[in-house]
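Trainee: Before anything else, here's the structure in question.
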Amino acid sequence: MEKLPAKVRELGWFIKWGAISKEYFGLSRSWIYQRLGGYDGNGNECEFSDEQKETLRGALRDLSRRLSEAADEL
């Protein structure tokens, strides 16, 4: 099972993963925490699918753009 890069996992200090799960995936907060932790609701190992990784990549890029725009307005 491929783990997420440490740089992505460390973002948890700065962002709300549950909000990303609801906004970009339409899924529960527990779902994304399970994926980030590498297991499903039954304790089985799992990971993001390739499609989900692409969605997460897009979400992080969107947040980056929105943060940059907010900073520019200061």
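Trainee: For 14, 48, what's the largest-to-smallest order of accessible area, 1.4 Å probe?
Mentor: 14, 48
Trainee: Under 5 Å between amide H atoms, partner at least 5 residues away or on a different chain: which partners does residue 39 have, H built in plane at 1.01 Å?
Mentor: 46
Trainee: Using only the alpha-carbon atoms, how far is helix 50-72 inclined from the longest principal axis of the chain? Give it as 0 to 90 degrees, nearest 10.
Mentor: For 50-72 against the chain, the angle is about 20 degrees.
Trainee: Of the labelled options (i) 12.5, 39; (ii) 12.5, 37; (iii) 13.2, 46, which one gives Rg and Dmax of the Cα atoms in Å as computed for this structure?
Mentor: This structure yields the entry labelled (iii).
The values are calculated or read from the model by the stated rules, or taken from the named source; none is laboratory data. What you see is a predicted model; the values in this text were computed from it and never measured. Please note that ligands, DNA and RNA were not included when accessible areas were found on the heavy atoms of the full protein model with its side chains. Shrake-Rupley method; radii C 1.70, N 1.55, O 1.52, S 1.80 Å.
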